[in-house]
1. So which residues in segment 99-120 are touching a strand residue (DSSP E or B) at 6+ places or on another chain (Cβ under 9 Å) and of a type in the set (A, V, I, L, M), if there are any at all?
2. Taking PRO26 as meeting all but one of (1) under 14 Å from PRO74 (Cβ atoms); (2) at pLDDT below 85; (3) in contact with a helix residue (DSSP H, G or I) (Cβ under 7 Å, 6 or more places away or on another chain), write down the number of the exception.
3. Kindly check whether there is at least one residue in segment 33-50 that is farther than 19 Å from SER111 by Cβ and buried (at least 21 other Cβ atoms within 10 Å of the Cβ).
4. If I go through segment 51-86 residue by residue, how many of them are surrounded by fewer than 22 Cβ atoms within 10 Å (Cβ to Cβ), over 15 Å from VAL32 (Cα atoms) and not hydrophobic (A, V, I, L, M, F, W, C)?
5. Give me the pairs: first residue in segment 94-118 and touching a residue at least 60 places away in the same chain (Cβ under 8 Å), second residue assigned to a helix (DSSP H, G or I) and surrounded by 14 or more Cβ atoms within 10 Å (Cβ to Cβ), beta-carbon distance under 6 Å, and six or more apart or on different chains, which are they?
6. Can you tell me which residues in segment 72-96 are of a type in the set (A, V, I, L, M, F, W, C) and in contact with a Pro (Cβ under 7 Å, 6 or more places away or on another chain)?
Amino acid sequence: MRLVSAAVLALAIVAASAQAEDAAVPQEGTPVVKSGYVDVDGGRLFCEEAGEGSAVVLLHDGLLHRASWDGQFPALAASNRVLRYDRRGYGLSTAPEAPFSHIRDLDAVLSAAGIERAGPPALHRLGEIAVPTLIVVMLAFLTKMNW
């Protein structure tokens, strides 16, 4: 019985290992996602980028992190350069330790990605930063926007 149990366990480990290797190889049509951190004043923001073409920035709401865009991220990356990041205190980004600006954080993310022009940010929902960010981005970063 122990021999059978050991054999079943060994087969399960081999099968899980093969599945993990398959998952690590991007499937055809799946965009390659580049991820990393952007250092900002007093913190670090985790970012993900995929695709090529016109830049699209995805901003999450105040409840969830960047994963709130999981359904749209690959589809948009099929024909656009898509960037999403965790705001301070969300996901893999550091928590705020002092006053900060969401707008400056967004500008730092765009600059680190080398994005000089982007369309209006896609907003997960109208919330605490969505509308103010859109207004300030439209006014303060008009030279970076491709309307």
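The values are calculated or read from the model by the stated rules, or taken from the named source; none is laboratory data. None of these values were measured; they are calculated from a predicted model. Methodologically, a virtual Cβ is constructed for each residue, glycine included, from the backbone with ideal geometry; neighbour enumeration extends over all protein chains shown.
1. LEU106, ALA108, VAL109, LEU110, ALA112, ALA113, ILE115, ALA118
2. Going through the list (1) under 14 Å from PRO74 (Cβ atoms); (2) at pLDDT below 85; (3) in contact with a helix residue (DSSP H, G or I) (Cβ under 7 Å, 6 or more places away or on another chain), PRO26 breaks only (3).
3. Taking every residue of segment 33-50 in turn, none turns out to be farther than 19 Å from SER111 by Cβ and buried (at least 21 other Cβ atoms within 10 Å of the Cβ).
4. The number of residues fulfilling the criteria is 7.
5. These pairs meet every condition: ARG117/LYS144.
6. The answer is ALA77, ALA78.
Residue by residue, here is whether (1) in a strand (DSSP E or B); (2) within 15 Å of the chain's Cα centre (by Cα) holds:
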{"site": "SER68", "(1), (2)": "no, yes"}
{"site": "SER79", "(1), (2)": "no, no"}
{"site": "VAL82", "(1), (2)": "yes, yes"}
{"site": "ARG87", "(1), (2)": "no, yes"}
{"site": "LEU92", "(1), (2)": "no, yes"}
{"site": "PRO96", "(1), (2)": "no, no"}
{"site": "ILE103", "(1), (2)": "no, no"}
{"site": "LEU106", "(1), (2)": "no, yes"}
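Each row is one residue, and each column tells you yes or no for (1) at pLDDT 55 or above; (2) under 16 Å from CYS47 (Cα atoms); (3) not charged (D, E, K, R).
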site: ARG88; (1), (2), (3): yes, yes, no
site: HIS102; (1), (2), (3): yes, yes, yes
site: ASP107; (1), (2), (3): yes, yes, no
site: GLY119; (1), (2), (3): yes, no, yes
site: ILE129; (1), (2), (3): no, no, yes
site: LEU134; (1), (2), (3): yes, no, yes
site: PHE141; (1), (2), (3): no, no, yes
